[in-house]
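Asker: This is the structure I want to talk about, given as C-alpha cells.
The values are calculated or read from the model by the stated rules, or taken from the named source; none is laboratory data. Just so it is clear, the model here is predicted, and its values are computed rather than measured. Note that we place each Cβ from the backbone using ideal geometry, even for glycine, and neighbour counts take in every protein chain shown.
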Amino acid sequence: MIENPAPKRTELSELGEFGLISHLTSDIKTIHTSTIKGIGDDAAVLENGDLLTLVSTDLLLEGIHFDLSFTPFKHLGYKAAVVNFSDIAAMNGSPRQLFVGISVSNRFPVEAMEELYEGIKLACERYQVDLAGGDTTSSPGGLFISMTVTGVVSKEKVVYRNTAKENDLICVSGDLGSAYLGLLLLEREKKVFLADPTMQPDLEGNDYVLERQLKPEARVDIVKKLDEAGILPTSMIDISDGLASEVLHLCRDSNMGCMIYEEKIPIDISAGAIASDFNIQAITAAMNGGEDYELLFTISMNDFEKISQLKDITIIGHITDPNAGCNLVSNDGVLVPILAQGFNHMREE
Ligand code: ADP
Ligand code: MG
C-alpha cells in the first residue's frame, strides 16, 4: 500500500495575524467599480452618489479580546461599538449605522445581555449612530461579538493610510500607552483576587488608565476639529495595536520611511508612575501596547501653523524617504529602528 503523504500543515503562528490576512487576500481583485477600496484600510470605501460609504467590521472573542472577570458588560458593549466607530474616524468619516452579531452560551443570563445592550445603545446615542440590524445565535461556550459599522465621507475628504508623502508631519491625537497600562492593572488585580478572594481590588488613583482601557472613545471630535481648521490629513490610521505597529502600516503602505521622536510622544502623567510599578517604560506601553484608539495621521508641512493652534494634537515626527527606514530617536539621541510588537493575537508570546 502506498501511503498518502501527510497534507501540508502550516501553523498560523508562522504567519501572524497580518501575515494571514495578506496570505489569504493578496490575490483578491474587486469586480465592481463601486468598490473604490476593498481590503487594506481601516474601512472599505464604496461609491454612493456624491458621497462615499465606509464599512468596517470587527470580531471580539471572550478570553482573547475581553476578560469578563474584570470587564462589566455595559463597558464591553460600549467599547465594542466605539472601536468600530474609530475605524470610520480613521477614514476621516462619520459613523452612521451599526450591525451587531452575538453568539452567546447559556452560561449568561438575559440580564447580562441587557447590560451589554445598554452599553451598545449608549455608544450609538453618543455618536449618533443607528443600531440597524444584526444576528443572534447560541454558542457552545463563551461570548462572541461581531460588529459592522457603516459611515459616510465626502469624496474630497476621504483619507487613506497609503498616501503619506515625504516631509509630511506625523501627528497623533490624545495620549498613548494608558489603555495598555489599565489592562496590566486589571490583570494584576485579577491574579491577586484569584489567589485570595478576600482581597479587595486596589485600583485607587488609577482612574485615568482604567477608563482608557474600559471605556475608550473614537476620535470623531478630532475629525471635526481638523475639518473646521481647514486641514485635510494626507494619510490616517487609528491606533488599535500600539504606535509602532500603526506607524509601520502607514509608512509601508505609503512606501515611505519616518523619523519619530520619543520626547514628543504624548503620554499622560499618571502613566509614567504606573509603568514604573510594572518595571516597564511608559514609552514601551505607547509604542507596543494597544487599544488607545487615538488617530495617527500625517499633514502637509504647509499646515504646520494651523495644526499648532489645535489642542490635543501632537506632532511627533515626519515622513522620510523609504530608504531611511522607520526610526525612533530616543531621548538620549540614539536612532532605534521601529519594530512592530503590538498585539498580534496569533503569534506565540
Ligand atoms: P483594523 O485593525 O483597522 O480593524 P485589520 O488589521 O483588522 O484592520 O484589517 C486590515 C484589512 O484587512 C482591512 O481592510 C480588513 O477589512 C481586511 N481583513 C481582515 N481580515 C480579513 C479576512 N479574514 N478576509 C478579508 N479581509 C480581511
Ligand atoms: Mg483601524
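Asker: Of everything in the stretch 42-71 that's in contact with a strand residue (DSSP E or B) (Cβ under 8 Å, 6 or more places away or on another chain) and charged (D, E, K, R), which residue is nearest to Leu214 (Cα to Cα)?
Answerer: Taking the candidates together, the pick is Glu62.
Asker: Would you pick out the residues in the stretch 245-259 that are surrounded by fewer than 22 Cβ atoms within 10 Å (Cβ to Cβ) and over 18 Å from Gly40 (Cα atoms)?
Answerer: Gly257, Met259
Asker: Now for a different question. Quick check on the stretch 101-113: of everything there that is free of Cβ contacts under 8 Å to residues at least 24 places away in the same chain and part of a helix (DSSP H, G or I), which residue is farthest from Lys215 (Cα to Cα)?
Answerer: Taking the stretch 101-113 and keeping what is free of Cβ contacts under 8 Å to residues at least 24 places away in the same chain, we get 109-111.
With the extra rule that they be part of a helix (DSSP H, G or I), the set shrinks to 110-111.
On the way: Val110: 23, Glu111: 20 Å.
Among them, the one singled out is Val110.
Asker: If Gly40 passes every condition in (1) surrounded by 13 or more Cβ atoms within 10 Å (Cβ to Cβ); (2) away from ligand 2 (no atom under 16 Å from the Cβ); (3) in a loop (DSSP other than H, G, I, E, B) but one, which one does it miss?
Answerer: The single condition Gly40 does not satisfy is (2).
Asker: Does Gly63 satisfy being among the small types (Gly, Ala, Ser), outside the structural domain of Ile145 (by TED's automatic domain parsing) and over 23 Å from Ala164 (Cβ atoms)?
Answerer: Details: among the small types (Gly, Ala, Ser): yes; outside the structural domain of Ile145 (by TED's automatic domain parsing): no; over 23 Å from Ala164 (Cβ atoms): yes.
No, not satisfied.
Asker: Okay, next question. Just give me the residues in the stretch 270-309 being of a type in the set (Val, Ile, Thr) and in contact with an Asp or Glu (Cβ under 9 Å, 6 or more places away or on another chain), in sequence order. Let's see the steps before the verdict.
Answerer: To start, the set of residues in the stretch 270-309 that are of a type in the set (Val, Ile, Thr) comprises 274, 280, 283-284, 298-299, 307.
Listed by number, the residues that qualify are Ile283, Thr298, Ile299.
Asker: Return the residues of the stretch 39-59 that are small (Gly, Ala, Ser) and near ligand 1 (Cβ under 7 Å from one of its atoms); say none if nothing qualifies. Even if it seems obvious, please write down each step before you answer.
Answerer: Going through the stretch 39-59, the residues small (Gly, Ala, Ser) turn out to be 40, 43-44, 49, 56.
Those that are small (Gly, Ala, Ser) and near ligand 1 (Cβ under 7 Å from one of its atoms): Gly40, Ala44, Ser56.
Asker: Only one residue in Leu52, Leu20 is closer than 25 Å to Glu246 by Cα, in the same structural domain as Ala90 (by TED's automatic domain parsing) and either touching a Cys at 6+ places or on another chain (Cβ under 8 Å) or surrounded by 14 or more Cβ atoms within 10 Å (Cβ to Cβ) (or both). Which one? Before you say what the answer is, go through the steps one by one.
Answerer: Working: Leu20 fails: in the same structural domain as Ala90 (by TED's automatic domain parsing).
Criteria check complete, one pass: Leu52.
Asker: Here is a follow-up. Does Asp268 satisfy being within 16 Å of ligand 2 (Cβ to nearest atom) and either surrounded by 19 or more Cβ atoms within 10 Å (Cβ to Cβ) or closer than 30 Å to Gly205 by Cα (or both)?
Answerer: Details: within 16 Å of ligand 2 (Cβ to nearest atom): no; either surrounded by 19 or more Cβ atoms within 10 Å (Cβ to Cβ) or closer than 30 Å to Gly205 by Cα (or both): yes.
Considered against the rule, which asks whether it is within 16 Å of ligand 2 (Cβ to nearest atom) and either surrounded by 19 or more Cβ atoms within 10 Å (Cβ to Cβ) or closer than 30 Å to Gly205 by Cα (or both), Asp268 comes out as no.
Asker: Another one. Do we have any residue at all in the stretch 89-104 that's at pLDDT below 95, within 21 Å of Leu295 (Cβ to Cβ) and either within 10 Å of ligand 1 (Cβ to nearest atom) or surrounded by fewer than 12 Cβ atoms within 10 Å (Cβ to Cβ) (or both)?
Answerer: Here is the first cut: in the stretch 89-104, the residues at pLDDT below 95 are none.
Within the stretch 89-104, none of the residues are at pLDDT below 95, within 21 Å of Leu295 (Cβ to Cβ) and either within 10 Å of ligand 1 (Cβ to nearest atom) or surrounded by fewer than 12 Cβ atoms within 10 Å (Cβ to Cβ) (or both).
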